[in-house]
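J.: Here it is: the structure, laid out below.
The values are calculated or read from the model by the stated rules, or taken from the named source; none is laboratory data. Worth saying up front: this structure is predicted, and the values here are computed from it rather than measured. Virtual Cβ from ideal backbone geometry, glycine too; neighbours counted across all protein chains shown.
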Amino acid sequence: MLQIIASCVTLLVSLSVAKRPIILIHGIGDSKIEAKVDKLDLSLLCTLYKSKDFYVIWPQKAFQWTLTSFCILQILTLFYEKSNWKRGKNKEFVETRIFENDFSSLDSIRNVDGFNRDEKYNKKLQKLVEKAYELTGEKVSLFGHSIGALYANIFINSQSPEWVYKHININIAVSAPWKGMILALHDMAVGNHYNYALNVDIDWRKSLRSFQGNLGLTPFPKKWESTDPIVVSKSKNYTAKDLSNFYNDIDFLNGSTRFNSIVDIFQNIEPTKSDSMCLYGDGHLTLSQLVYKRDISKNYELPTFRFKNGDNVTTQNSLMWCDTWPSDRYRKVRKIENSTHYGILNNQDMLDDVMKTINRDISNQKLILPGKLALVIKHLTQSSKSC
């Protein structure tokens, strides 16, 4: 199950819109989650969520009420064993999964196990890309938003140059937190209700701390670079390199151990080994620092916040990392002025630019092999097959 942390993958083949197939990989909070609950020893109210069959648990309007949101959060919260800090487990008698595909025009990777984004996920995505290629005879474009862009990057870079050249048209990264984001750190320290509840409380914080994706998106120590503190307190400040100490100081049980077990997945990301397009917003106050009036304590204390320029979710220093990528391939980087992290997806000018880029002439795409000179190989036009 993918929980709130991860991204579902959807194949969209719309020949009236694009000449080539597109796979959409979305970000945090956008996966519809189903749950099956055999037993819940919480309260009489929570028995409403007992069911022998799967039903939609996220998103749920019931999050708007404190009592029912408590039940749902108990269902979503993950648990860990010392033998494997990377992989979370459901509460006993609870089973969760990504929704079954119910749109006939879309194909998707269904019921993906998202506790641990490993080779199983990459294999399924690889098969989906190959299926799209076989159906259309055209190279596939990946369109990743937010953390979905990081997953797309990791996936492409795990493939051989020959496979990428044959199957991938372009990797489009939108609002990608290439170096992590302070908002994820806020979720670990304070909580976040994602606009579903009337208030943020410790139950929300506990659930978010259990999700690997949220924890994994806190600033990446190797990539963040800035030595400015991201957490300030009366007697001690914390930079991105001090996150393990911060988690210990706020009594985030096993947070440091879990963070260290997964952080390399994101912070070791390299420039995409395919043609790429990188788009990000600008012009909005974005969380950049947590400020505690007293010493960091194990008590629940709400910090105050400081802000810098960004897309209202991710700061510019993280969004702009793709500006530094080498120009050995087709690279297009564009800042969309006055666009937010999510609002950018509704920017028609940006979408038009994406479609033009997807449908560009790719007859001179490069196949770049490690340790060899780049070879320019002309794209072999293949006859389209009907869907």
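Residues are listed down the side, and each one gets a yes or a no for (1) crowded, with 17+ Cβ neighbours inside 10 Å; (2) in contact with a Ser or Thr (Cβ under 8 Å, 6 or more places away or on another chain); (3) among the acidic types (Asp, Glu); (4) at pLDDT below 90:
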residue: Leu215; (1), (2), (3), (4): yes, no, no, no
residue: Ser226; (1), (2), (3), (4): no, yes, no, yes
residue: Ile230; (1), (2), (3), (4): yes, yes, no, no
residue: Lys234; (1), (2), (3), (4): no, no, no, yes
residue: Leu243; (1), (2), (3), (4): yes, yes, no, no
residue: Asp251; (1), (2), (3), (4): no, no, yes, yes
residue: Asn260; (1), (2), (3), (4): no, yes, no, no
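J.: Considering only residues that are farther than 10 Å from His26 by Cβ and assigned to a loop (DSSP other than H, G, I, E, B), which ones fall in region 136-164?
T.: Scanning region 136-164 gives Gly137, Glu138, Lys139, Ser158, Gln159, Ser160.
J.: Filter region 43-68 down to the residues that are at pLDDT 75 or above and either among the β-branched types (Val, Ile, Thr) or not in a strand (DSSP E or B) (or both) and list them by number.
T.: Lys50, Ser51, Lys52, Asp53, Phe54, Val56, Ile57
J.: Just to be sure, is Asn169 in contact (Cβ under 8 Å) with a residue 24 or more places away in the chain and assigned to a helix (DSSP H, G or I)? Let's see the steps before the verdict.
T.: Numbers: in contact (Cβ under 8 Å) with a residue 24 or more places away in the chain: yes; assigned to a helix (DSSP H, G or I): no.
No; evaluated as a whole, the condition is false for this residue.
J.: Would you confirm whether or not region 286-309 contains a residue that is in contact (Cβ under 8 Å) with a residue 40 or more places away in the chain and under 30 Å from Trp163 (Cβ atoms)?
T.: No, region 286-309 has no match at all.
J.: Only one of Ile156, Ile147, Ile170 is of a type in the set (A, V, I, L, M) and modelled with pLDDT under 95. Can you tell me which?
T.: On inspection, the qualifying residue turns out to be Ile147.
J.: Has region 178-186 got any residue that is in a helix (DSSP H, G or I), farther than 16 Å from Thr315 by Cα and without any contact (Cβ under 8 Å) to a residue 40 or more places away in the chain? Quick ask: steps written out before the conclusion?
T.: So the first thing to find is which residues in region 178-186 are in a helix (DSSP H, G or I), and the list is 182-186.
Narrowing the set further to residues that are farther than 16 Å from Thr315 by Cα leaves none.
No: zero hits.
J.: Right, another one. If only one of Lys293, Lys241 is basic (Lys, Arg), more than 25 Å from Ser327 (Cα to Cα) and within 25 Å of the chain's Cα centre (by Cα), which one is it?
T.: Details: Lys293 fails: within 25 Å of the chain's Cα centre (by Cα).
Going through Lys293, Lys241 in turn, just one is basic (Lys, Arg), more than 25 Å from Ser327 (Cα to Cα) and within 25 Å of the chain's Cα centre (by Cα): Lys241.
J.: Which members of region 24-42 meet the condition of being within 20 Å of the chain's Cα centre (by Cα), acidic (Asp, Glu) and modelled with pLDDT of 70 or more?
T.: Initially, region 24-42 is screened for residues within 20 Å of the chain's Cα centre (by Cα), giving 24-34.
Narrowing the set further to residues that are acidic (Asp, Glu) leaves 30, 34.
Selection gives Glu34 alone.
J.: Pairs only if they're at least six apart or on different chains, beta carbon under 9 angstrom, first in region 212-223 and assigned to a helix (DSSP H, G or I), second of a type in the set (Asp, Glu); list them, first residue then second.
T.: From region 212-223, the pairs are Asn214/Asp187; Leu215/Asp187; Pro221/Asp242; Lys222/Asp264.
J.: Residue check, Asp201 against (1) at pLDDT 95 or above; (2) more than 20 Å from the chain's Cα centre (by Cα), all met but one. Which one?
T.: Asp201 satisfies all of (1) at pLDDT 95 or above; (2) more than 20 Å from the chain's Cα centre (by Cα) except (1).
J.: Just the residues that are among the polar types (S, T, N, Q), loosely packed, with under 14 Cβ neighbours inside 10 Å and closer than 24 Å to Asn157 by Cβ, please, taken from region 308-357. Break it down into steps so the answer makes sense when it comes.
T.: Within region 308-357, the first condition is being among the polar types (S, T, N, Q), and the residues that meet it are 309, 312, 314-318, 324, 327, 338-340, 346-348, 357.
Adding the requirement that they be loosely packed, with under 14 Cβ neighbours inside 10 Å leaves 324, 327, 338, 346, 348.
Residues satisfying the conditions are Thr324, Ser327.
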